[in-house]
Amino acid sequence: MMQIMQQEIIITKSTGEKVPFSEKKLVRSLQRSGAGKDLIDEILLTVKNELHEGITTKEIYRTAYKLLKKKARSTAARYKLKNAIMELGPSGYPFEQFVAELLKYQGYQVKIGEIVEGHCVKHEVDVIADSEEEHAVIECKFHNRQGYYCDVKIPLYFHARFLDIEKKLKSKGEHQNKSHQGWIFTNTRFSNDAIQYANCVGLKLMGWDYPQKGNLKQWVDISGLHPITCLTTLTKAEKVKLLDKKIVISRDLQNQTKLLDEIGIHSPRKEKVLEESRGLCEKLIPDFSNSEGGTSERDT
């Protein structure tokens, strides 16, 4: 890959943090999205011509995304994953469905929106996931804008609820051959205090880029389970209609093509949507290497 940077340019992340522009990270992100070498080189050259001190990661993302959308729609759809997950809102329910699908792929049996009896009170649990070894109680924290963190109050509050549920389960002798696990999923990030507290009390955390290996974006790369909001061939209104019909994963359109007719998408455009969906379902091997200073929407 050609080297295009002659001097360090400081860019602005969505959180307001100032970091050096990282060509390597942009290349890695484009590679994870399935872009080929020639297209990556073209995007790098275009980004170089637009770089200036203080440019935002959002601006850099838009430049890359525009070129990807023009030349490789399925790649563009993968590249916009972080924004696409944020489009699952404004309510958090589609995100809970999305998390449940990822957990199914990992071998769990799942239930969504269950009312669970605790030792003291009843609790509404976003997702319950069971495997042969584990019974997991899962809290989903969805944000529809970048720059949000789950601070320490989230694991503090959830841990109290989890302990109440766990105490009741143990008193009833349920899941004697399984471990009980509390788990928090978010589509953004956790604060350092939140991570420290969760590690101390034994809660699992799953965020956009946490943990370093096996985080949310990597789970999607491994599974190919991209949300329908990734699709560039659908309008925002059409995505909302599909979400209202409980269609969250792009792959599901392949088996329920009549839903596209129901929301007013007919041939030949219907075939274009399905073609992009098929390309998006292809599994890509994730890059579990260390992250660096941010340059792309998938990483910032």
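Using the beta-carbon distance between residue 114 and residue 199 and R0 = 35 Å, what value does 1/(1 + (r/R0)^6) give for FRET efficiency, to the nearest 0.05? The value I calculate is 0.85. Residue separation of residue 235 and residue 262 scaled by 0.36 nm, minus their Cα-Cα distance, works out to 8.2 nm of gained length. For residue 148, the accessible area of its heavy atoms, probed at 1.4 Å with every protein chain present, is near 100 square angstrom. Over the chain, the hull volume per residue, using the convex hull of the C-alpha atoms, is 133 Å³.
Any of 172/217; 104/172; 80/168 with alpha carbons more than 32 Å apart? Name them for me.
172/217; 80/168
Residue-normalised convex hull volume from the C-alpha trace of the stretch 236-281: 67 Å³ per residue. I'd like the FRET efficiency for residue 56 and residue 104, computed as 1/(1 + (r/R0)^6) with the beta carbon distance as r and R0 of 45 Å, rounded to 0.05. Plugging the Cβ-Cβ distance into 1/(1 + (r/R0)^6) gives 0.80.
The magnitude of the dipole of the chain, with charges of +1 and -1 set on the Cβ of Lys/Arg and Asp/Glu and taken from the Cα centre, is near 560 debye.
Computed from backbone phi with θ = phi - 60° and the Karplus coefficients 6.51, -1.76 and 1.60, the 3J(HN,Hα) list for the stretch 222-233 is 5, 8, x, 8, 7, x, 4, 5, 6, 5, 7, 8 Hz; x is used for glycine and proline. Reported to the nearest whole Å, the Cα centre-to-centre distance from the stretch 94-159 to the stretch 210-283 is 23.
Ligands, DNA and RNA aside, residue 86 has an accessible area near 20 Å² when probed at 1.4 Å.
Accessible-area rank, largest first, for 63, 186: 63, 186, with all protein chains present and a 1.4 angstrom probe. Using a simple spin-label model with pseudo-atoms 7 Å out from Cα toward Cβ, residue 15 and residue 245 lie 3.9 nm apart. The residues of the stretch 129-178 expose on average 57 square angstrom of accessible surface per residue, using a 1.4 Å probe on protein heavy atoms. Here the scattering of the stretch 153-257 is modelled by Debye summation over its C-alpha atoms, one equal scatterer each and no solvent; at q = 0.11, 0.22 Å⁻¹ the log10 of I(q)/I(0) is -0.54, -1.06.
Debye sum, Cα scatterers, the stretch 80-223, no solvent: what log₁₀ I/I(0) at q = 0.13, 0.16 1/Å? Result of the Debye calculation: -0.55, -0.85. Accessible-area rank, largest first, for 143, 123: 143, 123, with all protein chains present and a 1.4 angstrom probe. Largest accessible area first, the listed residues 95, 142 line up as 142, 95 when surface is computed with a 1.4 Å probe on the assembled protein chains. Computed per residue of the chain from DSSP H runs no shorter than four, each worth -39500 (n - 2.57), the mean residue ellipticity at 222 nm is -13000 deg cm²/dmol. Placing unit charges on each Cβ (+1 for Lys and Arg, -1 for Asp and Glu) gives the stretch 123-271 a dipole about its Cα centre, and among 179, 144, 194 the Cα reaching farthest toward its positive end belongs to 144. Every Cα-Cα pair of the stretch 113-162 was included, and the share exceeding 15 Å stands at 56 percent. In this simple spin-label approximation, residue 271 and residue 66 carry label points 7 Å from Cα along the Cα→Cβ vector, and these lie 3.1 nm apart.
Heavy atoms only, probe 1.4 Å: what % of the accessible area of the chain goes to carbon and sulfur, would you let me know? Roughly 48 percent, rounded to a whole number.
When restricted to Cα atoms, the stretch 5-117 yields an Rg and a Dmax of 17.9, 61 Å, respectively.
The values are calculated or read from the model by the stated rules, or taken from the named source; none is laboratory data. The model shown is predicted, which means the values in this text are computed figures rather than measured ones. FYI the Cβ positions are ideal-geometry reconstructions off the backbone, even for glycines, and counts take in every protein chain you see. For the accessible areas, the whole protein counts, side chains as well, though only heavy atoms, and no ligand, DNA or RNA atoms are used. Shrake-Rupley method; radii C 1.70, N 1.55, O 1.52, S 1.80 Å.
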